[in-house]
Structure formats: structure tokens, C-alpha cells
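This report refers to the structure that appears directly beneath it.
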Amino acid sequence: MDSNIDGAWFDEQYNNRARVPGHAAILARWASDSVLARASHPVQLDLQYGLSAAETLDVFPASHADAPVLFFIHGGYWRSLDKSDHSFVAPAFVDAGATVVVPNYALCPAVSVEEIARQTTRALAWTWKNVGRGGGGAGGGKPRRIVVAGHSAGGHLAAMMLCCRWREVLAGMPAQPVAAAVSISGLFDLKPIMHTPFLQADLRLTAAMAQRASPANFAPPKSPLLSLVGADESEEFLRQNRLIGERWGAAAVPVCEEVAGANHFTVLDDLVQPAGRGHHLTLGLLGLTA
């Protein structure tokens with residue numbers, strides 16, 4: 001890493017709220033659309049998957065049993081936002097025939113990024129064990145297919161889910177319960193975050209932690225990762241997207257693309273809008289069609 005690059009440069013590259021003046025209106029839209037999603041679709045809220053108060057998830061069940069599951073992990077740089085801000089992801093996929101699970105996790109600095117990754121594996125293990133029967137909702141039975149998607153820090157966690165040793169998380173799990181993952185504006189190399197002042201104060205990453213928690217350092221997984229980033233995002237986010245394709249190769253990352261006209265926030269529209277490339281690709285991974 002160039003020693004002449006200072007913290008201000010990293011803040012400029014990674015502070016997406018500063019880069020997108022309209023971010024507050026977008027976040028407000030996410031929140032209001034999420035309220036509507038919970039009002040318009042059946043949902044089981046705040047199901048406990050772990051021991052801590054933060055370890056809860058919401059299940060938006062499909063209308064039929066044996067539905068595929070979209071497991072969506074929210075972003076917020078591991079230190080902000082909530083599953084309740086992201087219910088808006090669910091309706092388009094539920095209407096297409098999937099069950100949607102949206103987990104929460106504890107936030108930094110109360111816990112580390114590594115602990116957040118562990119909590120997310122517990123949420124997915126709970127989903128594998130409990131979601132699948134009874135119209136796709138919680139209550140027992142295993143889903144026929146789980147696809148993980150995540151945005152920003154959630155994109156990092158989605159990639160990490162492909163690298164987990166699942167049989168160490170829950171006895172009886174298959175070696176890889178995740179059929180595929182979709183990372184939207186994901187972070188795959190955490191070393192730069194150590195040099196980003198506005199984040200490091202909360203994340204407190206060490207070199208060893210960044211090494212262990214960077215998906216780019218793992219061997220390519222057997223299940224595929226689709227990696228998307230907004231074409232209008234920073235040089236570093238574009239580099240992060242290219243990096244995972246280079247490190248894991250085309251067999252593991254068959255899609256590594258930039259979404260035209262999208263910034264770090266509007267890129268998530270591409271996942272939920274029927275005309276979006278990310279939406280189309282995710283439906284395909286779920287075995288569904290629009």
C-alpha cells in the first residue's frame with residue numbers, strides 16, 4: 001500500500017454518505033418502503049436465532065411449502081442500520097415465490113467484525129434448520145435452496161458465508177448449505193479499512209483481524225458468487241469488486257459487473273426492481289422466474 005496515501009484519501013473513498021448527497025432521502029425511502037412491506041406481506045418478526053438480544057431475524061414466508069430462501073444481510077459498515085430498514089427487499093422475491101429471511105446482528109464497537117460473521121453463520125444455520133415447511137415460514141423443515149445476498153458490509157458477509165466450515169457451526173449441516181451468493185458493493189479486502197479514520201474508530205481492526213476476515217484471502221468456494229457494484233461508486237469499491245473476481249477466478253465468480261448509473265445506495269434498487277440485472281440474476285439462482 002502506498003505510504004503517501006493518507007487517511008483523508010481513504011475516508012473519501014469509503015465514506016459513501018459523504019459521497020452521495022442524497023443518501024438521507026434514500027435511507028428514508030428504504031425505511032418507509034420497509035414499513036409498507038411489513039404491512040402488506042405476512043411476516044414473522046424478531047425470531048431468536050442466538051443467545052444475545054441482537055441475534056434475531058425476520059421471516060417473510062412464501063405462500064407455498066418447499067420454497068427457495070433468499071437470506072438477505074444488511075449493510076451499514078458493520079456499525080449501523082438494522083434489519084427493519086431492509087424489509088423492502090422482501091416483497092419482490094416473496095411475490096416471485098421465495099421465502100425471504102432478514103437477520104440482525106450486533107454492531108461494532110460492541111462486537112468485532114469477526115463476531116458479526118459468526119453471528120451471521122448462526123442465523124443461516126438456524127434458517128437451514130427451521131425455515132422450509134408451513135408455507136415457507138419458520139416452524140421446521142429444511143429449505144430446498146438457500147441463496148445469500150448482501151449489500152456493502154452485508155456483501156462482505158455474504159461472501160464469508162461461502163467460506164464457512166458449516167459442520168462446525170451446527171451438527172448435521174451439509175458441508176455447503178448455500179447454493180450461491182450475491183454481493184452488492186461488497187468489501188473483500190479489509191486492510192484499507194484499517195487506514196480509514198471514520199470507520200476504524202468503531203471497527204478497531206488489527207492487521208490479523210483484517211487478514212482473517214477478508215474473503216479475498218480465502219480459497220475459491222465451490223458455490224458461486226455474483227459480485228455487483230455501482231458504476232458510479234468510488235475507485236476503491238470498483239477495485240474491491242474486481243479483486244474478488246481476480247482472486248477467486250471466473251469459475252467461482254461467474255458474474256463480476258458494474259451496474260450503470262448506480263451509486264452505493266441506488267445499486268440496491270437493482271436487486272429489488274423487476275427490471276434490474278441483480279434482480280434477474282438472483283431469481284435465477286433461486287430457481288425462479290419473474
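Residues of segment 64-96 that are of a type in the set (Gly, Ala, Ser), open to solvent by 10 Å² or more (accessible area, probe 1.4 Å) and at pLDDT 95 or above: Gly76, Ser80, Ser84, Ala92, Ala96.
Annotation for segment 26-41: no member residue is farther than 30 Å from Ala96 by Cβ and either at pLDDT 95 or above or among the aliphatic types (A, V, I, L, M) (or both). Taking the criterion of being at pLDDT 95 or above, open to solvent by 30 Å² or more (accessible area, probe 1.4 Å) and not in a helix (DSSP H, G or I), would at least one residue in segment 150-157 satisfy it? Within segment 150-157, none of the residues are at pLDDT 95 or above, open to solvent by 30 Å² or more (accessible area, probe 1.4 Å) and not in a helix (DSSP H, G or I). Of all the criteria given as (1) in contact with a Lys or Arg (Cβ under 8 Å, 6 or more places away or on another chain); (2) farther than 30 Å from Gln200 by Cα, the one not satisfied by Asp58 is (2).
Screening Pro221 against (1) surrounded by 15 or more Cβ atoms within 10 Å (Cβ to Cβ); (2) out of contact with any helix residue (DSSP H, G or I) (no Cβ under 8 Å at 6 or more places or on another chain); (3) not basic (Lys, Arg) leaves a single unmet condition, (2). Check segment 109-121 and report whether any residue there is out of contact with any helix residue (DSSP H, G or I) (no Cβ under 9 Å at 6 or more places or on another chain), open to solvent by less than 20 Å² (accessible area, probe 1.4 Å), within 16 Å of Ala158 (Cα to Cα) and in contact (Cβ under 8 Å) with a residue 24 or more places away in the chain. Yes, the conditions are met somewhere in segment 109-121. Evaluate the following for Ala290: is it of a type outside the set (Lys, Arg), at pLDDT below 95, open to solvent by 60 Å² or more (accessible area, probe 1.4 Å) and over 17 Å from the mean Cα position of the chain (by Cα)? Against the criterion (of a type outside the set (Lys, Arg), at pLDDT below 95, open to solvent by 60 Å² or more (accessible area, probe 1.4 Å) and over 17 Å from the mean Cα position of the chain (by Cα)), Ala290 qualifies. Quickly run through segment 43-63 and pick out the residues that are loosely packed, with under 14 Cβ neighbours inside 10 Å and either within 16 Å of Ile146 (Cβ to Cβ) or in contact with a strand residue (DSSP E or B) (Cβ under 6 Å, 6 or more places away or on another chain) (or both). Listed by number, the residues that qualify are Asp46, Gln48.
The values are calculated or read from the model by the stated rules, or taken from the named source; none is laboratory data. What you are looking at is a predicted structure, and each value in this text was computed from that prediction instead of being measured. Backbone-built Cβ (ideal geometry, glycine too); neighbour counts: all protein chains shown. Ligands, DNA and RNA are excluded from the accessible area calculation, which covers all protein heavy atoms including side chains. Shrake-Rupley method; radii C 1.70, N 1.55, O 1.52, S 1.80 Å.
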